[in-house]
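The values are calculated or read from the model by the stated rules, or taken from the named source; none is laboratory data. Bear in mind the structure is a predicted one, so any value in this text is a computation, not a measurement. Cβ: placed from backbone, ideal geometry, glycine included. Neighbour counts: every protein chain shown. Quick note on the areas: whole protein, heavy atoms, side chains included, nothing else; ligands and nucleic acids left out. Shrake-Rupley method; radii C 1.70, N 1.55, O 1.52, S 1.80 Å.
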Amino acid sequence: MRDSLAAWLRQNERTLVPGWIKMVRSRGGDRDRQLTTKELERQFFVDFYGALVVAIERDAQEPIAEVIERIAVTRVEQEFQLEETLDILFLLKELIWESLLQSNSAEGALSRMRLIEPTFNQCLRLMGWAFTRASHKLLSERLVEAEFMTRRLTMATEEADRALARLRILYNVSRAISSTLDQKQILAAVVENLASVPQIDRCAVWLADGQARELSVAAVRGIEGSRLEGAYLSLDEDRSIVARAFQTRQMQITSEVDAQEGVLASLFPQRSLLVVPLQGEDRPLGVISADRLVQDRPFETAVIEMVQSVAEQVGIALHNVFLYQELLRLNQHLDQRVRERTEELERLNRELAKLDKKKSDFIAIAAHELKTPLTLIQGYAEMLAEGGAESMSPELLERQVAGILRGTERLRTIVEDIIDVSLIDTQVLALNSEMVSLAHILELTCHDQAEAVRERSITLETEGLGSLPEMEGDALRLHQVFSNIIGNAIKYTPDGGTVRIGARHLEAHGDQPAFVEVVVADSGVGIDLEDQERIFDKFYRVESPELHSSSKTRFMGAGPGLGLTIAKGIVEAHGGRIWVESPGYDPVRCPGSQFHILLPVRSAWGDFQKSSAVEQTEEPRDRSKSHIGVMEIR
Ligand code: ADP
């Protein structure tokens, strides 16, 4: 019977299903009306048809209850009301009844219907019960779900808060870094912000020295920050994770800083420590250390990533600071160079102006020097022409010719001096080197000055000439040197003064060759300290050209200013040196001057000249001391 009902239902499904769909569409809720035919068909079979068939076929409570519950859950999940579902179930019953009537007699149909009835009623009871259970189950599921969602939301909010805090720190750090190029300020902002992260109790920036031999704490903040202040570690000896992070350029994390960490054990006692390297453009700069002193828990990944990104920014910022400082240094250096060059230019300008003045002075002096003997010559020549040489007495004639000769001699001397200076200038002064007696040359020079010495009542003394050895040199040129020096000594010493010529032999000692030293000391007017270098320059005269006198021996009768230049040129060409010492210029108290002339006994011109030049440029004022000191006078 049941089998035949099932078969009947299957046979009539083609008419049953469209009828059921039509009824659902006309009586069901909005939701049903919107469902497609296919969806309704599926529902029909899944829900009722399946349930009834199973219920009728098995005729057992358990599977029916199971099926009905499944139907109810499906319906509740699809948010169908219980009433609507029951309506549909009743409608289905009517349809079955109509179908039975069509294919059976009324009695047959009734008996069949009676068979179905209890199962159908059982279905209805179960449906109500299942609806209640399904709704309840669904509700509690929704509640659990809601609770879970709330918890997830709370967690997400907390995480968002933490992420926001980290972002704020990153923002603060990058703002601080971009607002200054002051290293101290940058590092202070970094440790300040990192130490404010809840997971970080203390934060420090360690910087390496120039040779990367040592790491020292440049900034620190947080709990027990003072313990790290001024801390440093040697990169050669230390094996701690701080040193390792710097050397390997790799981040290091440890949760146990124990005794093996050496010096760090006291600085980071028994807690988590994170060390991130600070990398500059081309070299490691230091590390950032962050530690947990209070909570003994590992760092969160997000915190580690944040410290890393701060370290990256700091590395760039420190590199920028370095570049900026380099720029400043370069600027300062440039400024200094410009200042020095300007000063040098100004000095050269002054020198040039002086040289220019010297040149004009020289022209004035040379003109004067040349004019005086010329006038003399002209005067005597005119007298000869006017008076007639024949009518003159032999004495007068002799005097006039002698006057002309004196004039030409003076002219010759001046012109020769100018030629000598130009030879010295162009370094082509040739020496006739031979073995000479300097003592003899000095005696001869003194003899030449005898007349002037007598005229001016000067006492001319010599000392030590006998101790002088024979030496290599150009006798004529050496005579010229001492004529100029001794002549000057007489010229710049007032009447009745003294000129002393002292000489000595400085024997060879170690690497030092043998020398002779001559000192011409006078009791004259002296020379200002600032002039003592320059009097050896050509055309340099301490007095103005107007004071000039053409007399070679008259007191203060200055010449064209070439005598000392020539003397210096000749002495240096011999490989010697010349310098002057004087307490200063004072024509009243006459402190005197000493001219020192140092000449090698054997010619070693080139070498000595070079070393002499070096000494002169290095220490102009101490020339005398340095050289004599080295020579060791015996
Ligand atoms: P000048 O022909 O003017 O004497 P020098 O070259 O011989 O030229 O000397 C240069 C200057 O050095 C002199 O004008 C003089 O002012 C100074 N001078 C040289 N020797 C002495 C000295 N013994 N005492 C004082 N001043 C001197």
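Picking from residues in the range 451-476 that are among the hydrophobic types (A, V, I, L, M, F, W, C) and open to solvent by less than 40 Å² (accessible area, probe 1.4 Å), the one that is nearest to the chain's Cα centre (by Cα) is M471. Only one entry of R133, R166 meets the criterion of being under 30 Å from Q247 (Cβ atoms), at pLDDT below 90 and open to solvent by 30 Å² or more (accessible area, probe 1.4 Å), and that entry is R166. Hey, does the range 200-207 have a residue that's at pLDDT 85 or above, in a loop (DSSP other than H, G, I, E, B) and in the same structural domain as S309 (by TED's automatic domain parsing)? Yes, some residue in the range 200-207 is at pLDDT 85 or above, in a loop (DSSP other than H, G, I, E, B) and in the same structural domain as S309 (by TED's automatic domain parsing). On the given criteria, is E443 at pLDDT 95 or above and either among the acidic types (D, E) or outside any helix (DSSP H, G or I) (or both)? Here the answer is yes, as E443 does meet what is asked. Of all residues in the range 179-216, which are closer than 18 Å to I316 by Cα and in contact with an Asp or Glu (Cβ under 8 Å, 6 or more places away or on another chain)? If the condition is that a residue be closer than 18 Å to I316 by Cα and in contact with an Asp or Glu (Cβ under 8 Å, 6 or more places away or on another chain), then A208 is the only one that fits. Could you tell me which residue of the range 570-583 is farthest from M471 (Cα to Cα), considering only residues that are more than 9 Å from the ligand (Cβ to nearest atom) and open to solvent by 10 Å² or more (accessible area, probe 1.4 Å)? My answer is P583.
Annotation: of all residues in the range 536-562 being open to solvent by less than 20 Å² (accessible area, probe 1.4 Å) and modelled with pLDDT of 75 or more, the one that is farthest from the ligand (Cβ to nearest atom) is F536.
Take the conditions assigned to a helix (DSSP H, G or I), touching a helix residue (DSSP H, G or I) at 6+ places or on another chain (Cβ under 6 Å) and in contact (Cβ under 8 Å) with a residue 24 or more places away in the chain and apply them to V173. Does it pass? So V173 fits the description; yes. Taken over the range 488-517, residues that are surrounded by 15 or more Cβ atoms within 10 Å (Cβ to Cβ) and within 16 Å of the ligand (Cβ to nearest atom) amount to 13. Among the numbered conditions (1) under 21 Å from I186 (Cβ atoms); (2) open to solvent by 100 Å² or more (accessible area, probe 1.4 Å), the only one that R337 does not meet is (1). Restricting to the range 518-535, give me the number of residues that are part of a strand (DSSP E or B) and more than 10 Å from the ligand (Cβ to nearest atom). Total satisfying the criteria: 2. Taken as a whole, the range 354-367 holds at least one residue that is in contact with a Pro (Cβ under 7 Å, 6 or more places away or on another chain) and surrounded by fewer than 18 Cβ atoms within 10 Å (Cβ to Cβ).
Please indicate, with yes or no, whether at least one residue in the range 136-153 is assigned to a helix (DSSP H, G or I), open to solvent by 80 Å² or more (accessible area, probe 1.4 Å) and in contact (Cβ under 8 Å) with a residue 24 or more places away in the chain. Looking through the range 136-153, at least one residue is assigned to a helix (DSSP H, G or I), open to solvent by 80 Å² or more (accessible area, probe 1.4 Å) and in contact (Cβ under 8 Å) with a residue 24 or more places away in the chain. Condition first: in contact with a Phe, Trp or Tyr (Cβ under 9 Å, 6 or more places away or on another chain) and in contact (Cβ under 8 Å) with a residue 12 or more places away in the chain. Can you find one or more residues in the range 380-392 that meet it? No, there is no match, as no residue in the range 380-392 is in contact with a Phe, Trp or Tyr (Cβ under 9 Å, 6 or more places away or on another chain) and in contact (Cβ under 8 Å) with a residue 12 or more places away in the chain. Which residue is farthest from L438 (Cα to Cα), if the candidates are limited to the range 587-603 and must be among the polar types (S, T, N, Q) and open to solvent by 20 Å² or more (accessible area, probe 1.4 Å)? Of everything passing the filter in the range 587-603, Q594 is farthest from L438 (Cα to Cα).
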